[in-house]
Amino acid sequence: MRHTFSLVFLLMAIALAACACLALRSRRVIGKYVAQTVAALIPPVIGNMIIIASGTKAQSTLGCYIYFIGMDLVMLALTGFTLEYCQLPKLRAKYLTAVRALLAVDAVQLLLNPLFGHAFDTEPIPVDGFAYYRLVPRLGQTFHRVVDYGILATVIVIFIYKLIHTPRIYAERYGIILAAILAGLVWETYYIFSRTPIDRSMVSFGVFGLLVFYFSIYYRPVRLLDSMLANIASEMPEAMFFLDVSGHCVWANRPGQQLAELGEGEFDDATARLRAMFDISLESLDEWSVQRQVAAEDGVRHYMLQKHALSDDRGRLLGAFLSVRDDTQEHQALQREKYNATHDRLTGLYNREYLYERIRQMIDARRDARWLVAFIDVKDFKLVNDIFGTAFGDYAIRAIGAWIARTLPEGSVYGRLAGDTFGACVPEDAFDEAALEASLSRFVVADGAVAHSILIHIGVYAVTEPELEVSVMLDRAHLALSTIETEYQKHIAWYDDTMRRRILWAQQITAELPDALSEGQIRPYLQPIVDGGGRPVGAEALVRWNHPEKGFLSPAAFIPVFEENGMIAQVDRHMWRQACAILAEWQRLGRDQFISVNISPKDFYFMDVAAEIRGAARDCGVSPARLRLEITETVMMTDMENRIKILESLRSEGFQIEMDDFGSGYSSLNLLKDMPVDVIKIDMRFLSRSEHETKARRILNNVMRMSEDIGIVSLVEGVETREQYGMLSDMRCRLFQGYFFARPMPPAEFEARWLDDLRTEEE
């Protein structure tokens, strides 16, 4: 027996040491406390092993010291483990301090026993034929037992408290540890009071250590996990169905029971109802994911179904579970988001980006079909907003969108491009121009007592180049509207080859302009301006383009293009510089003539006109009085106050201002009152033959008298006959210009024919 117990205790100590090492390796916080507790159990076991194995008093006494000090270590480690395991960190600092103090006092008094003999002694008794030294307790031993049992009692109280105040599902976590402590306590108590020779209760120490190690590090509370998973599944918003290997439902959560209309615990009918509702098969354990739509009282419901197989740790199939998620709200939100991304919010029609995409798809899908792309423009819509307000304006846009939707033929696509413009693509064979014209001729938007006639123009491009970008097709349709810009009776215009050639020509000369300027292809021609005696006093610089392939281009071939795209500013800047260079040469030769240059209204948008003109004159050293600036009344149509300031500043520096095309507009007399003008230019076409010729002459005569009265020089251009020249001279016209005197010519020819002759005459 002696050797048997010694071997058992030795193996137990080895097992506890191994468990302590494994616990230290654990990444869990509790691992440190488990390792301390399990390791602390080793000294009492070793102490008892020495007591049993020894045959002398000294060895037995040493074993007792190891056992008693080891028990103090057990109580200290068990206290730390209990506070961590029972999750009571707030008690740890104060309580552990008190426990350490008590155990330190106990350890000191035990170690003083050899001096005073107050704690214990040993006495030999025969056991199975060998000498066994039994403990003889004294007062110090009683103190030791009170301290250890008191600490152990506190540990037991803590576990009982947690057991009472913790949900029943967690009872397993604390109950097993508490049971092991109580079993060891009872066994140890029995040994103490029964005076049994050999302390067999040490076996409970080993069992307790193993239980602490297993339940703290490796044990997973299956009942707890099962309950938690069941509760989680029950509370999930998705319907959950758990199936056995044959596909029969064995459990469903509450949403699942509601979906399949099952009673509590009645799962047998679930499989059949799910099959009928969603047209799915559940008999196989294959995994899949599908979407289904189901008709309901509140409309169509959308569901996402996912089936997953379940296996054990050996890979054997246990069954499956089916999740059914109601995606109706997400589907509706996605549809709304998609709708908002592709539709105009005000009209409900396609927005520009999606309209481009749909037109592209239609044309690409049927390249053999003939299509019309239309640009729909509401004329002067700003007036509608200004007069009736933006609320009525929005209503009008919606009404126009609704008209487009119900009027365009089937198979068309249409949408709102921006503001008051719309686009459409229509099958050519379904396009009824006459019906559209009739509808547009009486288009009225009425909102209660407010009604307003709306003028809508439609530009149409017949798709002859289907590979073009949709935006280019709409640009061509838009370009067609320029032919009916001021029309009120005609509402539909077609893009044709003439427009196409004009576009290509505009693109060509726009690209060629930089080289034309740098290479001198664009140059000034001079047309003389003469006084009453026919002598040249100056000239007007008129732009000409000597194209390397097309030859001399008429200004009408390129000036309107550059006026439209704003590149006229580059041409004018070049002409001002060229005119100043010519004047500088004249000035060097002592010639006192001036040159008039044109200023386009677009120049004010693309550059600082005053700075450019001053710079050109300054760089060439030309007197400002020799450079006359010719403007039309359209320059003053916008930003009039600021432009008058610009002209006044130039005039104050010596530049003279000429107003061209006087009398051809609607506000010339009004402008003449405010504008800083030195010369007015009257076009001879004012006297074109008509039944009112006499009246025209009287008006012209009075205009010249008026200009003379207010100190403004009059100049008539377009003089072509001697009779006109004589008549204008009789009217006391000061300056003349026209083909009667000369056509525009290169500067060298002008100088040879006019200025050299003038010098000879003067000499």
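Just so it is clear, none of the values below were taken in a lab; they were calculated from the coordinates. Please read these numbers as outputs of a predicted model, since none were measured by experiment. For neighbour counting, all protein chains shown are included, and Cβ atoms are generated from backbone atoms with ideal geometry for every residue, glycine included.
Does the stretch 506-762 come out rounded, prolate or oblate, given a ≥ b ≥ c as the square roots of the eigenvalues of its C-alpha gyration tensor, rounded meaning a/c under 1.5 and, failing that, prolate meaning a/b above b/c? Since a/c stays below 1.5, the shape of the stretch 506-762 is classed as rounded.
Between Ser246 and Arg28, the distance separating the two model label sites (each 7 Å from Cα on the Cα→Cβ line) works out to 4.0 nm.
For the chain, averaging the sequence separation of C-alpha pairs within contact (under 8 Å, six or more residues apart) and dividing by the residue count gives a relative contact order of 6 percent. The Cys residues in the chain with no partner Cys Cβ within less than 4.7 Å of their Cβ are Cys19, Cys21, Cys64, Cys86, Cys249, Cys425, Cys733. Annotation: extensible slack from Ser649 through Arg753 equals 33.9 nm (criterion: 0.36 nm per residue apart, minus Cα-Cα distance). Computed from Cα atoms, the angle from the helix 497-518 axis to the main principal axis of the chain rounds to 90 degrees.
Give the Kirkwood hydrodynamic radius (Å, one decimal) of the chain, defined as one over the mean of 1/r across all pairs of different Cα atoms.
On the way: mean 1/r = 0.0258 Å⁻¹.
Evaluated over the chain, this radius sits at 38.8 Å.
The alpha carbon convex hull volume per residue for the stretch 456-609 rounds to 179 Å³. For a modelled paramagnetic label at Val472, 7 Å from Cα along Cα-to-Cβ, the residues of the stretch 504-542 in reach, with backbone nitrogen under 17 Å, are 504-511. Can you tell me how the stretch 597-642 classifies by the Cα gyration tensor, rounded, prolate or oblate, using a/c under 1.5 as the rounded cut? The shape class here is prolate.
Any idea what angle helix 555-565 forms with the longest principal axis of the chain, computed on alpha-carbon atoms, 0 to 90 degrees, nearest 10? Taking Cα atoms only, the helix is inclined about 30 degrees.
Calculated FRET efficiency, Ile164 and Leu310, Cβ-Cβ r, R0 35 Å, to nearest 0.05? Step by step, r from the Cβ atoms, then E = 0.45.
The lysines whose alpha-carbon is closer than 18 Å to the alpha-carbon of Lys162, local same-chain residues fewer than 8 away aside, are Lys90. Give the calculated FRET efficiency between Asp639 and Gln293 to the nearest 0.05, with a Förster radius of 60 Å applied to their Cβ-Cβ distance. With R0 = 60 Å, the Cβ-Cβ based efficiency is 0.45. Computed from Cα atoms, the angle from the helix 640-652 axis to the main principal axis of the chain rounds to 60 degrees. Spin-label model, Asp268/Val157: points 7 Å from Cα along the beta carbon direction are separated by 5.7 nm.
Which peptide among 631-642, 450-461 comes first, and what is the full order, when sorted by highest mean count of other Cβ atoms within 10 Å?
Averaged packing, sorted descending, gives the order 450-461, 631-642.
From the cross-link list Lys490/Lys673; Lys382/Lys490; Lys382/Lys602; Lys379/Lys673, which pairs have alpha carbons spaced over 31 Å apart? Flagged as over cut-off: Lys490/Lys673; Lys379/Lys673.
Compute the Rg/Rh shape ratio of the stretch 250-390: radius of gyration over Kirkwood radius, all on alpha-carbon atoms.
Numbers: Rg = 25.6 Å, Rh = 20.5 Å.
Result for the stretch 250-390 is an Rg/Rh of 1.25.
Taking other Cβ atoms within 10 Å as a rough exposure proxy, Ile644, Ile599, Ile46 sort from fewest to most as Ile644, Ile46, Ile599. Taking a ≥ b ≥ c as the square roots of the eigenvalues of the Cα gyration tensor, the stretch 2-219 is prolate, since a/c reaches 1.5 or more and a/b is larger than b/c.
For the stretch 511-604, the set of GluC sites (Glu not before Pro) satisfying both a DSSP loop assignment and a count of at most 13 other C-beta atoms within 10 Å is given as Glu519, Glu549.
The alpha-carbon atoms of the stretch 1-112 define a convex hull whose volume equals 88 cubic angstrom per residue. With contacts taken as Cα pairs under 8 Å and at least 6 residues apart, the stretch 344-495 reaches a relative contact order of 30 percent.
Using the C-alpha atoms of the stretch 344-495, what convex hull volume per residue, in cubic angstrom, is computed? Each step should come with its number before you reach the end.
On the way: hull volume 15.7 nm³, N = 152.
For the stretch 344-495, the hull spanned by Cα atoms encloses 103 Å³ per residue.
The radius of gyration of the Cα set in the stretch 309-394, together with its Dmax, comes out at 25.5, 82 angstrom.
Sort the following peptides by mean Cβ neighbour count (other Cβ atoms within 10 Å, averaged over residues), highest first: 423-433, 251-261. Display every interim value, and only then the final one.
Numbers: 423-433: 18.0, 251-261: 19.6.
Ranked by mean Cβ neighbours within 10 Å, highest first: 251-261, 423-433.
Our compactness index for the stretch 1-52, the C-alpha radius of gyration over the empirical 2.2 N^0.38 Å, is 1.28.
State, to one decimal in nm, how far the label point of Asn546 lies from the label point of Asn565, with both points 7 Å from Cα in the Cβ direction. Going by the 7 Å Cα→Cβ label model, 2.4 nm.
Show that you can apply the helix-only estimate: for the chain, add -39,500 (n - 2.57) for every DSSP H stretch of four or more residues, divide by all residues, and state [θ] at 222 nm to the nearest 500. Please list the in-between numbers first.
Working: 29 runs with 398 residues, N = 763.
When only DSSP H runs of four or more count, the value is -16500 deg cm²/dmol.
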